[in-house]
Amino acid sequence: MEVKPQIVIQDLQGFHNKQPYEANAKKNAYKDLSTICIVPTRGVIAAKVVQYFMSIMPPMNQKFTRIFMIGMEVGAAYNAAIENILVHPDLSQWKYVLFLEEDNMPPPDGLLRLYENMDKYDVIGALYWTKGVDGRPMCYGRTDIIPGNFVPFMPASDMVTPCRGVGMGFSLAKLEIFKHPKHPRPFFETVQRYQAGIGAQAYTQDLKWCEEIGKLGYKIAVDGRVKVGHYDFENDVVW
């Protein structure tokens, strides 16, 4: 494949006109929004994705830090990061964990918008899609259907929609979830197995975690206002 030079100019038009930062800053100024961003990576992140990472607006006058987990399976990376956070004298007292994966492209105000509804939910994910022309929205399990399931469905595009599971490409969670005494360990686990009398089970680490915390009563949602691109490096396509 011929390699052509590219100039990447980030599209920031309209952000300050549509959602002035001052409004969010004033509304959340009194809250503790301390956030640890966990980024599992194979070690090299595409320049186009990095440009979006660099534009993420952390909350003003709040603690914000990033932890990169290099060369680990995604579930193992999240487990190791959380376990180290929980025993750290300072980080263990922070309020939130932001899960950010190496192929996701969040908007500049994405994190600020996720904070807005964390008083109603315990985990809120952005709206992004699995890769490919037949991609599915990373929003699983309608809460108005009994018994529960993890079938993907399209959430509202301009509001927060409750669900049973989210992807972890760009998701905000309360750190206190991991301190619950009944939360099973490891926190994250990719499952693919068959058990007699139960049948086949297949979960990615994110949906397995959502299932477990759902049993503990935690509330999960997708914020359709936070639209995130899912970058396919091999084909240079954003899904």
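Every number in this text was worked out from the coordinates using simple rules, so none of it is lab data. Bear in mind the structure is a predicted one, so any value in this text is a computation, not a measurement. Cβ coordinates were reconstructed from backbone atoms using ideal geometry, including for glycine residues, and neighbour counts include every protein chain displayed.
Based on the Kirkwood approach, the hydrodynamic radius assigned to region 32-238 is 17.4 Å, with every pair of different Cα atoms included. Measuring r between the beta carbons of residue 90 and residue 176 and using R0 = 22 Å, the FRET efficiency lands at 0.90. Beta bridges assigned by DSSP with both partners in region 32-238 are antiparallel in approximately 60 percent of cases. Spin-label model, residue 153/residue 232: points 7 Å from Cα along the beta carbon direction are separated by 2.8 nm. Considering only alpha-carbon pairs that sit under 8 angstrom and 6 or more positions apart, the relative contact order computed for region 124-183 is 34 percent. Straight-line reach from residue 31: which lysines have Cα under 21 Å away, leaving out those fewer than 8 places along the same chain? Within reach: 63, 95, 120, 174, 179, 219.
Seen from residue 231, the other residues with C-beta closer than 12 Å to its C-beta sum to a net charge of -4, counting Lys and Arg as +1 and Asp and Glu as -1. Once a ≥ b ≥ c are taken as the square roots of the eigenvalues of the Cα gyration tensor of region 101-142, is the result rounded (a/c under 1.5), prolate (a/b larger than b/c) or oblate (a/b not larger than b/c)? Oblate, since a/c reaches 1.5 and b/c is not below a/b. Relative contact order of region 32-238: 26 percent, from C-alpha pairs under 8 Å at least 6 residues apart in sequence.
A simple count of charges around residue 39, restricted to other residues whose Cβ falls under 14 Å of its Cβ and scoring Lys, Arg +1 and Asp, Glu -1, yields -1.
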